[in-house]
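Chemist: Below is one structure. I have some questions about it.
The values are calculated or read from the model by the stated rules, or taken from the named source; none is laboratory data. Small disclaimer: the values here were computed from a predicted structure and weren't measured. Virtual Cβ from ideal backbone geometry, glycine too; neighbours counted across all protein chains shown. Only protein heavy atoms, including side chains, enter the accessible area calculation; ligands, DNA and RNA are left aside. Shrake-Rupley method; radii C 1.70, N 1.55, O 1.52, S 1.80 Å.
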Amino acid sequence: TYVDEIKKELAYVMQEIKASAAEKIRIQCFGNFDLFINQKLVTFSLSKAKELLAYLVDKRGSTVNGGELCAVLWENNEDDGKNKNNLRHCWMALKQTLESFGAQDMLKKGWNCYGIDVNAFWCDAYEFEKGDVKVINSYKGEYMNQYSWAENSKSIFCRKD
């Protein structure tokens, strides 16, 4: 029917839009964590904003509550009120950085939950998990080197012979 054809065409268009967005935004987890938009390295106004993004990427689309983020980002700081304020500040800095590139749609936020749209970007770690041979062969045993919490996820990338 006519309606089915329109639905089919809309689904195709949406898939193409997502694919082009994913090509525009590239996240590197192997080695050090970095974000590239339009093949340019993105610099962050706050290092904790970059780490916040890295942690959300590591969670692979699962939402994370503010308490968990505070515990990860400020692991040795006991001041919960200060941490929550710092988290809000980092989230805004991250959002502003991504907005400057038109990439803010990759962020997802609800009440006390933070996440990312894993379909909005290309990521070497995600492609590894999908079995991309080129990416698998590029892995040299390093994953988000600058973040100690990332050690917990490194086992995902151990090769099974």
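Chemist: When F36 is evaluated against the numbered criteria (1) part of a strand (DSSP E or B); (2) closer than 15 Å to K108 by Cβ, which criterion, by number, is the only one it fails?
Modeler: With (1) part of a strand (DSSP E or B); (2) closer than 15 Å to K108 by Cβ applied to F36, the lone miss is (2).
Chemist: I116: open to solvent by less than 40 Å² (accessible area, probe 1.4 Å) and within 22 Å of S62 (Cβ to Cβ), yes or no?
Modeler: Considered against the rule, which asks whether it is open to solvent by less than 40 Å² (accessible area, probe 1.4 Å) and within 22 Å of S62 (Cβ to Cβ), I116 comes out as yes.
Chemist: S62 fails exactly one of the following numbered conditions: (1) over 14 Å from the mean Cα position of the chain (by Cα); (2) open to solvent by 40 Å² or more (accessible area, probe 1.4 Å). What is the number of that condition?
Modeler: Condition (1) is where S62 drops out.
Chemist: Let me ask something else about it. Could you count how many residues in the stretch 29-50 are open to solvent by 20 Å² or more (accessible area, probe 1.4 Å) and closer than 15 Å to T97 by Cβ?
Modeler: 12
Chemist: Being modelled with pLDDT of 95 or more and in contact with a Ser or Thr (Cβ under 7 Å, 6 or more places away or on another chain): is that true of D58 here?
Modeler: yes
Chemist: Consider the stretch 65-83. How many of its residues are more than 20 Å from S148 (Cβ to Cβ) and surrounded by 16 or more Cβ atoms within 10 Å (Cβ to Cβ)?
Modeler: Result for the stretch 65-83: 1.
Chemist: Looking at (1) of a type outside the set (A, V, I, L, M); (2) crowded, with 16+ Cβ neighbours inside 10 Å; (3) modelled with pLDDT under 95; (4) under 16 Å from the mean Cα position of the chain (by Cα), which is the only condition G102 fails?
Modeler: Evaluating G102 over (1) of a type outside the set (A, V, I, L, M); (2) crowded, with 16+ Cβ neighbours inside 10 Å; (3) modelled with pLDDT under 95; (4) under 16 Å from the mean Cα position of the chain (by Cα) leaves (2) as the failure.
Chemist: Inside the stretch 128-143, can you point out the residues that are outside any loop (DSSP other than H, G, I, E, B) and surrounded by 15 or more Cβ atoms within 10 Å (Cβ to Cβ)?
Modeler: Passing the criteria: F128, V135, I136, Y143.
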